[in-house]
Amino acid sequence: MKKFHKIAATAVLSSSVLGGAAFAGSLDEPIIDTVEVIEPVYSPAPVVTSDWTGAYGGLNLGYGDIDDDLSGDDTTYGLHLGYDYDFGRYVLGGELEYDNADIDLGGVAEADSITRLKLRGGYDFGKTLLYATAGAAQLKTSIGDDTGAFIGVGVAYQVTERFTVGGELLEHRFEDVGGSGLDADATTFNLRGSFRF
């Protein structure tokens, strides 16, 4: 039995020495597992872009205030039809607009309607268009008609790709209405809803 213990002890000792020698060194480079770190990719928030190019038409509801020699104020309503072209950040367009007025001008006359031929140019903020407008307007009254100039500002917002809402403030100048020698300055404000084609 002592002989068996000696043989077993020798075997254990030999395997320890040989095993240690086997792990003591190697000519090959050690293999080190590296973990690849994947960094998250952040994408910027999408830029909201809208294309204002195309025809549109819709309805107006507003208020007209006429003063100078002829004066009066009342609700107005009408319709508009136009076309815009989007150049990227800038938008240029034209429009024809009609407002029914029915404004009593101090018992001297009655303003029946205002028709406008507009040029408009503005800045494209994506879903919002801020613009300036100018052109010629014709005022029809019970004592005659007159054509004058107007300027103004407006804003339009795209609720959907096909529908916009907005507002417009315009200042008009009419001189010698219907050859009467009477002048009229008109300020109008319209809320507008438009369908784009």
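The values are calculated or read from the model by the stated rules, or taken from the named source; none is laboratory data. Given the structure is predicted, the values throughout are model-derived calculations rather than measurements. Cβ: placed from backbone, ideal geometry, glycine included. Neighbour counts: every protein chain shown.
I'd like to know if the stretch 93-102 contains one or more residues that are at pLDDT below 95, surrounded by 10 or more Cβ atoms within 10 Å (Cβ to Cβ) and within 30 Å of A156 (Cα to Cα). Spell out the reasoning first.
If we filter the stretch 93-102 for residues that are at pLDDT below 95, which is where we start, we get 101-102.
Then keep just the ones that are surrounded by 10 or more Cβ atoms within 10 Å (Cβ to Cβ); that gives 101-102.
Of the ones still in play, those that are also within 30 Å of A156 (Cα to Cα) are 101-102.
Yes, because at least one residue in the stretch 93-102 is at pLDDT below 95, surrounded by 10 or more Cβ atoms within 10 Å (Cβ to Cβ) and within 30 Å of A156 (Cα to Cα).
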Among the numbered criteria (1) aromatic (F, W, Y); (2) more than 14 Å from the chain's Cα centre (by Cα); (3) over 30 Å from S142 (Cα atoms), which one does Y157 miss? (2)
Can you name the residue in the stretch 156-183 that is of a type in the set (G, A, S) and at pLDDT 95 or above and is also farthest from G144 (Cα to Cα) among such residues? A156
Would you mind stating whether G88 is in contact (Cβ under 8 Å) with a residue 24 or more places away in the chain, more than 17 Å from G78 (Cα to Cα) and part of a loop (DSSP other than H, G, I, E, B)? yes
Here are some residues: T160, T133, T164. Which one is more than 17 Å from G72 (Cβ to Cβ) and either aromatic (F, W, Y) or surrounded by fewer than 16 Cβ atoms within 10 Å (Cβ to Cβ) (or both)? T160
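Let me confirm something: among L139, L117, which residue is surrounded by 14 or more Cβ atoms within 10 Å (Cβ to Cβ) and either in a loop (DSSP other than H, G, I, E, B) or in contact with a Leu (Cβ under 8 Å, 6 or more places away or on another chain) (or both)?
Values: L139 fails: either in a loop (DSSP other than H, G, I, E, B) or in contact with a Leu (Cβ under 8 Å, 6 or more places away or on another chain) (or both).
Result of the check over L139, L117: L117.
Pull up the stretch 142-170, narrow it to residues that are in a strand (DSSP E or B) and polar (S, T, N, Q), then point me to the one that is nearest to G106 (Cα to Cα). Can you show your working first?
Looking only at the stretch 142-170, we keep the residues that are in a strand (DSSP E or B), and these are 144-158, 163-170.
Then keep just the ones that are polar (S, T, N, Q); that gives 147, 158, 164.
Values: T147: 21, Q158: 40, T164: 36 Å.
Result: T147.
Could you say whether any residue in the stretch 99-108 is under 28 Å from G54 (Cβ atoms) and in contact with a Leu (Cβ under 8 Å, 6 or more places away or on another chain)? Please lay out each step first, then the result.
Taking the stretch 99-108 as the starting set, the residues that turn out to be under 28 Å from G54 (Cβ atoms) are 99-100.
In the following step, the residues that additionally are in contact with a Leu (Cβ under 8 Å, 6 or more places away or on another chain) were identified as none.
Checked against the condition, which is being under 28 Å from G54 (Cβ atoms) and in contact with a Leu (Cβ under 8 Å, 6 or more places away or on another chain), the stretch 99-108 yields no hits at all.
Within the stretch 120-136, can one find any residue that is hydrophobic (A, V, I, L, M, F, W, C), out of contact with any helix residue (DSSP H, G or I) (no Cβ under 7 Å at 6 or more places or on another chain), in a strand (DSSP E or B) and within 20 Å of L105 (Cβ to Cβ)? Quick ask: steps written out before the conclusion?
Step one: of the stretch 120-136, the residues hydrophobic (A, V, I, L, M, F, W, C) are 125, 129-130, 132, 134, 136.
Those left that are additionally out of contact with any helix residue (DSSP H, G or I) (no Cβ under 7 Å at 6 or more places or on another chain): 125, 129-130, 132, 134, 136.
Now narrow it down to the ones that are in a strand (DSSP E or B): 129-130, 132, 134, 136.
Next cut, within 20 Å of L105 (Cβ to Cβ) only: none.
Taking every residue of the stretch 120-136 in turn, none turns out to be hydrophobic (A, V, I, L, M, F, W, C), out of contact with any helix residue (DSSP H, G or I) (no Cβ under 7 Å at 6 or more places or on another chain), in a strand (DSSP E or B) and within 20 Å of L105 (Cβ to Cβ).
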